[in-house]
1. Search the structure for amide H atoms under 5 Å from the amide H of residue 75, placed 1.01 Å from N in the peptide plane, and list their residues when 5 or more places away or on another chain.
2. Taking the Cβ of residue 157 as the centre, find all other residues whose Cβ is under 14 Å away and add up their charges (Lys, Arg: +1; Asp, Glu: -1).
3. Would you tally the net charge around residue 33, using a Cβ to Cβ cut-off of less than 14 Å, leaving residue 33 out, and scoring K and R as +1, D and E as -1?
4. What whole-number distance in Å separates the alpha-carbon centres of the stretch 95-173 and the stretch 62-79?
5. Output wanted: per-residue J couplings in Hz (rounded whole) for the stretch 141-149, from phi through Karplus 6.51 cos²θ - 1.76 cosθ + 1.60, θ = phi - 60°, x for Gly and Pro.
6. By how many nm would the segment from residue 200 to residue 128 grow when fully extended, if each residue of separation counts as 0.36 nm and the alpha-carbon distance is taken off?
7. Within the chain, which complete DSSP H helices have Cα atoms spanning at least 24 Å along the helix axis and a mean Kyte-Doolittle hydropathy of -1.0 or higher?
8. Over the stretch 2-201, what is the relative contact order in percent, taking alpha-carbon pairs closer than 8 angstrom and at least six residues apart?
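Please treat every number below as a calculation from the coordinates, not as lab data. What you are looking at is a predicted structure, and each value in this text was computed from that prediction instead of being measured. Cβ atoms come from the backbone with ideal geometry, glycine included; neighbour counts cover every protein chain shown.
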Amino acid sequence: MKILVLYYSMYGNVFKLAQAVAEGAKKVEGSEVSLKTVPELVAEDIIEKSPGAKKAKEQQEDIPVATLDDLGDADGVIFGSPTRFGNMCAQLRQFLDQTGELWQKGALIGKPAGFFCSTSTVHGGQETTLVSMMLTAIHHGMLVVGIPYSEQRLLTTKGGGSPYGASSVSGMMSDQLPTEDDLELAFALGKRVAEIAKKLKS
Ligand SMILES: Cc1cc2nc3c(=O)[nH]c(=O)nc-3n(C[C@H](O)[C@H](O)[C@H](O)COP(=O)(O)O)c2cc1C
C-alpha cells in the first residue's frame with residue numbers, strides 16, 4: 001500500500017507538517033510512505049537573497065521531486081501547500097495541471113486524499129487553501145478525507161488544524177514553526193489517510 005505525501009514548501013513550515021503527516025502514515029502496518037516535493041518555479045537568485053527560503057531549501061535538499069507516475073501509483077495521497085492569496089501555491093498547481101493523462105485514465109479514482117497547508121496569519125485562508133486542493137482531487141474522483149472531531153486537539157487549537165485538514169500559522173516572517181497541536185493533527189491526518197487506503201485496498 002503506497003502512500004504519497006506530495007507537498008511544496010518555501011520557508012519550511014509545510015515541510016515540517018509534511019514530515020509529521022508521513023510519520024502518521026508510517027504507523028499503519030503495510031504502508032510504504034514516500035515524501036516528495038514538486039518542481040520549483042522561483043528563480044534561484046530570488047531564493048539566494050532570502051535567508052529563510054535558502055535555509056528551508058537546504059533542509060529539503062534530500063527530498064526527491066515527484067513524477068506523475070508517483071502520483072498515479074499511490075493508493076492514497078496527502079497534498080500540502082503554503083497559502084498563496086487564499087489558494088494553493090503555483091508550484092503544486094503547475095504539477096497538478098500536468099495530470100490530464102492520469103485523469104483520462106482514471107488513475108486516482110476511489111483513492112483517499114488528505115490536505116495540509118500553512119498561512120502567515122490565522123485568518124489568512126487556511127480553509128480556502130485546503131479546499132482549493134480538494135477541488136482538483138474531487139475532479140480526479142478521489143475521496144476527500146478530513147480530520148474528525150474525535151481528535152481532541154481540534155477543539156482547543158489556537159492556530160492550525162481544522163476538519164478540512166492539517167495546518168499551521170507561521171507569522172508575518174514565516175518563521176513560527178508548527179506547534180505541537182499542529183504536528184499531532186498532521187500526524188493524525190497521515191495515519192487516517194493510510195488507514196482508509198488500507199481498508200479500500202483490502
Ligand atoms: C505570494 C504570497 C502570497 C501569500 N498569501 C498568503 C495569504 O493569502 N494568507 C496568509 O496568511 N499567508 C500568505 N502568504 C504567506 C505563506 O502562506 C506563509 O508564509 C506560509 O506559512 C509559508 O509556508 P512555507 O513555510 O511552507 O513556505 C503568502 C506568501 C506569499 C509569498
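1. Excluding prolines and chain starts, which carry no amide H, the hits are 2, 3, 4.
2. For residues surrounding residue 157, the net value is -4.
3. Once all neighbours under 14 Å are counted, the net charge is 0.
4. 16 Å
5. Residue by residue, the stretch 141-149 yields x, 6, 9, 6, 10, x, 10, x, 6 Hz.
6. Additional length available on full extension: 23.1 nm.
7. Qualifying helices, which must be both long enough and hydrophobic enough, are 180-201.
8. 29 percent
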